[in-house]
Amino acid sequence: MTDVTTPPIHALRSNKKHKSAPFLPMSRIEMKQLGWNACDIILVTGDAYIDHPSFGMALIGRLLEDQGFKVGIISQPDWHSAEDFKALGKPRLFFGVSAGNMDSMVNHYTADRKPRSDDAYTAAGVAGKRPDRAVAVYAQRCREAYPGTDIMVGGIEASLRRIAQYDYWSEKVRQSALVYSKADMLLFGNAERALVEVAHRAAAGERLADIRDVRGTSFMAPYGWLPEGWSEMDSSTVDVPGRIDSHINPYIDTTQATEAACDSAAAPDAPKTIRIVSREERLAARRAERAKTVIRIPAYEAVAYDPVLYAHASRTLHLESNPGNARALVQTHGERDVWMNPPPIPLTTPEMDYVYGLNYARNPHPVYEGANIPAWEMIRFSVNIMRGCFGGCTFCSITEHEGRIIQSRSEASILGEIEEIRDKTEGFTGHISDLGGPTANMYRLTCKDEKIEASCRRLSCVYPDICENMNTDHGPLIQLYRKARTLPGVKRLTIGSGVRYDLAVRSPEYVKELVTHHVSGYLKIAPEHTEQGTLSKMMKPGIGSYYRFKELFERYSKQAGKKQYLIPYFIAAHPGTSDEDMLNLALWIKDNGFRPDQVQTFTPTPMALATTMWHTGRNPLKKLARSSEKVDAVRDPARRRLHKAFLRFHDPKNWPTIRNALEDMGRADLIGNGPQHLVPPWGAEDKPGFGSSSPRQSPAGSPRRATSHVRSHGQTPNKKPAGARHTSKPAGRPPKSGKR
């Protein structure tokens, strides 16, 4: 999707260009070496500073630098006072604050709210280098350091908290991050375009709080404030007696919706002059009206105590997420309104190439003296080829943050980065560890018609089935793989990102290319579950797609003479999952010979639709009413532990829990020592050595992969966001032939 009225971001450069810094300065000494007396913009981040486009502050910093601004970075400051926030002096324009590539709460706590012992985005993996809810804390310290200085917040933590949202860690609905951080502006989504425009306007003398017309920004305004020529649509209640306008079906496009609205717009109670108006005129008029309409969603004070209104606000926000037709939203907090402009227009391919082709040092800042930074080690030899995801999985935050429209780099840009890795990255041995992004195989997949894309209101392009308007041609990706692996110096290229297998089966040639050349023994895929009731709450395809992909995977592995295995991801305790569903999943896992490792239960992250289900017990995928469908939220800790135990039925520690559950469920027939049983009888774990040499032990070399990390702006590429999805990490075992 493009907007001809929006100039490309690389066309907005200032004439006041200065020499690119080896690293963006983190101290006054470095500023002096660059000849700077002050920074124009200071970026504050909860991550270690690694000057690489996979890390948000580096990407944003280099972008602003190329636009002519002097940019400094304050990395992981001591937040207990304002002293560290004075390290670079007062910024001439504003502070830009981010928690880092990960949501700080996901970074700090497990799905069971237990503190984590490490932090992948910190030197030596040390935990505790950032505060809880880092965006708010950092913003407050910036304000203390230099009162009156403008403050902008952004990144994944702020983006997913732009409206009132349920907070799993405090078990309450919290205000918009804009309110509790007391920032002047919040940027959400892919913010490069908004950031560049706002920075130039700030340089021209505008204050951030006065800039209210930029897409992808949120700001505070007096209650009821409207721009000139705008109107407000009240969507703050449900089940109002009398005539109401029905909610638009998300699976019809805006042209159909506009026609329906035009046909029903005339009031029946007054005579009117008849004028013949063409269909095109009516649609144009409605589009113009829509572009200047703001939707008022239920206030913070309402959603904090009313689950139905919370679910309604969540549904409305997700329906207004397509940049081609989304309207502005407003939500009252106390005596003021939080305004959210429509989402940003996605970057074009030339813009993506520009952002990823800036002058990155491609190494951690020297201040870390070569210390190991786990996230850097994970991605140093991988390349991010695209952004966004049109899957719309309800438990995932990728869509809320990066959008449903795929933004892809050009082939030349990607190949150029591989050559940079080869020539500049210390320790490169010829192995490119990934070409991917949120998924491995959505590169250059788009809607077949820009007009259809701009008017679509579907929450997913692939659920319940792949949209007939979706182009699923994997040809460009196949061509990219072939060129990349033949570059001089590249000995091996593997795909580390998860493959969306329901798309892959549309291109057997892609599966063959992938399996033959780019799998290192194991391939990650994500069925998430096997039971249709649960899958419908996830907006995931049925298990039949998995079997089709498995058949292709095994066929082409055999043709290539390779022994390769699939590693499926599963989610425990997802909303809408019954105990019977988890039992059936456990039996399926057993039948297929898998032994899941490092399993996590579902973690409700801000703004996700599945979080809405978990908090409210309602289904926001359908129109909301007081009588709406109820969803089993699996909130009870004992049930959450049981669901997790079912996924690790092979672990003796879980046998007592599973046995008790099976007896309560009337399925004691699954307790025993035979191949048809799920767990052994009581007392089996007391036998010496029992379980340590189980014949169903995972094969030697089975991976023990840690939970993936958050991707936001240029975040750890090709890995699923920890704040976005919380899945099991099975250690794949060669599948058995036949059924149990």
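The values are calculated or read from the model by the stated rules, or taken from the named source; none is laboratory data. Keep in mind that what you see is a predicted model, and the values were worked out from it rather than measured. Because the Cβ atoms are built from the backbone with ideal geometry, glycine has one as well, and the counts that use them run over all protein chains shown. Heads up: the accessible areas ignore ligands, DNA and RNA and are worked out on the full protein's heavy atoms, side chains in. Shrake-Rupley method; radii C 1.70, N 1.55, O 1.52, S 1.80 Å.
Computed values, structure above
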| item | result |
| --- | --- |
| Per-residue SASA entry for Tyr547, accessible area with 1.4 Å probe, Å² rounded to 10 | 90 |
| Distance between segment 312-387 and segment 188-219 - C-alpha centres, whole angstrom | 15 |
| Accessible carbon and sulfur surface of segment 541-680 relative to its total accessible area, %, 1.4 Å | 49 |
| Sequence-separation-based contact order of segment 492-546, relative, with Cα cut under 8 Å and 6+ spacing, percent | 40 |
| The chain - percent relative contact order, Cα under 8 Å, separation 6 or more | 14 |
| Computed P(r) (all Cα pairs; segment 67-167; 10 Å bins; percent) | 14, 44, 32, 8, 1 |
| Cα lying deepest toward the dipole's positive end in the chain, options Trp339, Ala625, Met386, charges on Cβ | Met386 |
| GluC sites (Glu not before Pro) restricted to segment 354-459 and DSSP loop, no more than 11 other C-beta within 10 Å | Glu369, Glu426 |
| D (Stokes-Einstein, µm²/s), Kirkwood Cα radius, segment 511-639, 0.692 mPa s at 37 °C | 200 |
| Relative contact order for segment 600-653, counting Cα pairs under 8 Å that sit 6 or more residues apart, in percent | 28 |
| Segment 326-434: proportion of alpha-carbon pairs further apart than 19 angstrom, % | 62 |
| Flagged links, alpha-carbon separation over 29 Å, of Lys424/Lys563; Lys524/Lys558; Lys114/Lys622; Lys563/Lys590 | Lys424/Lys563; Lys114/Lys622 |
| Neighbour net charge for Ala38 - beta-carbon separation under 11 angstrom, K R +1, D E -1 | +3 |
| Accessible heavy-atom area order of Asp167, Asp632, highest first, probe of 1.4 Å | Asp632, Asp167 |
| Rg/Rg_ref, segment 471-558, where Rg_ref = 2.2 N^0.38 Å and atoms are Cα | 1.19 |
| Those trypsin sites (Lys or Arg not before Pro) in segment 512-564 that DSSP places in a loop and that have at most 15 other beta carbons within 10 Å | Lys562, Lys563 |
| Mean-position separation - Cα centroids, segment 154-183 and segment 483-550, in angstrom | 34 |
| Residue pairs, from the table Lys540/Lys562; Lys540/Lys623; Lys483/Lys562; Lys448/Lys623; Lys451/Lys483, whose Cα atoms sit over 24 Å apart | Lys540/Lys562; Lys448/Lys623; Lys451/Lys483 |
| Percent carbon-and-sulfur accessible area, segment 1-148, ignoring ligands, DNA and RNA, probe 1.4 Å | 51 |
| Accessible surface, per residue, of the chain when the full set of protein chains is kept, probe 1.4 Å, Å² | 39 |
| P(r) histogram, all alpha-carbon pairs of the chain included - 20 Å bins from 0, percent | 17, 50, 29, 4, 0 |
| Charged-residue dipole, Cβ positions (Lys, Arg, Asp, Glu), the chain about Cα centre, Debye nearest 20 | 1540 |
| Local electrostatic count, Ser104, Cβ distance below 13 Å [Lys/Arg +1, Asp/Glu -1] | -1 |
